[in-house]
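Below is one structure; the comments refer to it alone.
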Amino acid sequence: MGSGRNSMNRLAKIRGHLTRLDGQPLGKMALVILLFLDLFILTAIFNGLADHTRQLASPDEFIPQTCREIVLNEQWNPTTRIDHLAQLVTSYSGSYYRIDEREPERHPLCEPYLDLIGAMKRDKPLSAAFEDRKKVAYEVRELQRDIDRLKGAYDTTLLETMAKEQQGQPAVTAIRGDFQKKAADLNQLTSQVAALEQTINADARVQQLWTRVEGLQKSDRDLLLSDLRRLNFWYPVKKLAMQLLFLLPLFAIFYAWNSVSVRRNRGVQALVSTHLLIVAFIPIFGKIIETLYDIIPHKLLEKLIRFLESFKLVAIWHYLLIALAIAAGLFLIYICQKKLFTRERLMERRIAKGECQNCGKHLPAASSACPFCGDNQFKPCPHCQQSMHVHGCYCRHCGAPAAE
């Protein structure tokens with residue numbers, strides 16, 4: 001009970017340091033300046049946090065998707081490998097956004113592949129050859145689909161013509177002519193694709209890449225996959241450690257400043273340092289919650305879903321979500337009603353604004369009762385017998401508490 005009272009007193013002191021200066025409520029202009037200061041410091045903290053955390057290579061930077069596509073994808077055979085390579089070389093090649101100049105740390109197994117792909121992207125003639133091949137190959141696929149449709153239509157029309165003898169002959173001739181034209185166009189496009197592939201395959205870097213892909217061993221794939229899984233598991237923890245390494249010293253500085261300011265009764269410094277202490281605590285709390293969400297719920301939810309699936313009870317998951325939403329709603333309503341918008345605070349606002357303590361309507365000057373609902377606004381003070389507000393906490397004449 002005593003510890004709970006101490007906690008409440010401590011919270012009341014913190015709230016006082018946040019909203020009052022030398023025992024007086026803050027003026028509106030001072031409050032606006034404080035809020036702008038809080039927002040600026042909070043933005044600066046998050047920007048610095050991002051720059052500091054960026055020093056830690058993420059799994060996507062240490063083992064980029066390009067490396068995963070080459071090493072882990074076992075479909076790079078002589079028939080399909082040039083299609084895969086064209087996808088990698090032409091991806092993001094037309095981006096106008098500036099790529100981060102900082103060279104991230106990369107997996108040793110990925111280094112040679114990424115260097116080769118990067119060199120191919122920077123080679124404009126080679127990149128143009130890949131782009132041209134990609135466009136022509138798309139035209140080949142579309143033209144092949146048209147030819148397949150024409151072939152089906154030609155076979156159907158031919159059968160109908162044979163049944164009706166000479167009546168459908170013009171239609172058969174037209175389809176045959178269109179079919180022959182498209183087949184000639186297809187041969188021409190196929191020749192263009194072959195010429196472009198010959199140009200691409202003649203490049204020394206492409207040949208070096210084919211040699212490396214053909215020399216990949218199962219042990220290389222297993223090693224990269226194992227490292228990737230380990231990175232994905234430990235990265236949230238390492239990221240949190242990097243973030244706390246930036247945030248905790250800042251929080252300690254603000255805490256020390258606040259402690260000295262409160263102890264020496266430095267009003268303005270206590271006010272500002274208390275705000276900065278809260279501002280520095282917000283990202284610490286947020287990053288801890290974010291890390292817990294990244295690590296714990298994913299695996300727990302996966303196990304829970306698998307357990308429900310084994311009993312064919314997956315729909316119960318929606319019951320759990322509904323129950324959690326109701327619990328969260330009850331908690332928020334309780335906080336709002338019991339802590340933020342209590343009856344005592346409502347009465348304080350109504351008395352301060354000259355409103356009826358019962359119905360909340362504005363009272364005419366010097367009214368002892370509400371002309372709208374008839375509720376009395378004053379009662380005798382138990383200490384001095386002068387009139388005080390019915391729901392006031394203290395007498396307006398002698399300052400004695402209403403409880404006396």
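Taken together, the values in this text are just the output of simple stated rules run on the coordinates, not laboratory data. These numbers were taken from a predicted model, which means no experiment stands behind them. A quick note on method: Cβ atoms are made from the backbone with ideal geometry, for glycine too, and the neighbour counts reach across all protein chains shown.
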Inset, instruction - Subtract the Cα-Cα distance of LEU223 and ALA369 from 0.36 nm times their separation in residues, and report this length gain in nm to one decimal. - result: 44.2 nm
Inset, instruction - Note down the nm distance, to one decimal, between modelled labels 7 Å out along Cα→Cβ at ILE253 and at ALA323. - result: 4.7 nm
Legend entry - Built amide H within the under 5 Å cut-off of ALA369, gap 5+: GLN377
Inset, instruction - With a Förster radius of 30 Å, plug the Cβ-Cβ distance of ALA183 and THR80 into 1/(1 + (r/R0)^6) and report the FRET value to the nearest 0.05. - result: 0.75
Legend entry - Simple spin-label estimate for ARG205 and LEU31 in nanometres, 7 Å along Cα-Cβ: 6.2 nm
Legend entry - FRET efficiency for CYS359 and LEU330, using Cβ-Cβ distance with R0 set to 41 Å, rounded to 0.05: 0.90
Inset, instruction - Pop the C-beta distance of LEU244 and ILE316 into the FRET formula with R0 = 41 Å and round what comes out to the nearest 0.05. - result: 0.65
Legend entry - Distance in nm between pseudo-label sites at ASN376 and GLU344 (7 Å out along the Cβ direction from Cα): 2.4 nm
Inset, instruction - Tell me which residues come under 5 Å, amide H to amide H, from MET388 once H is placed; ignore anything under 5 positions away on its chain. - result: LYS379, CYS381
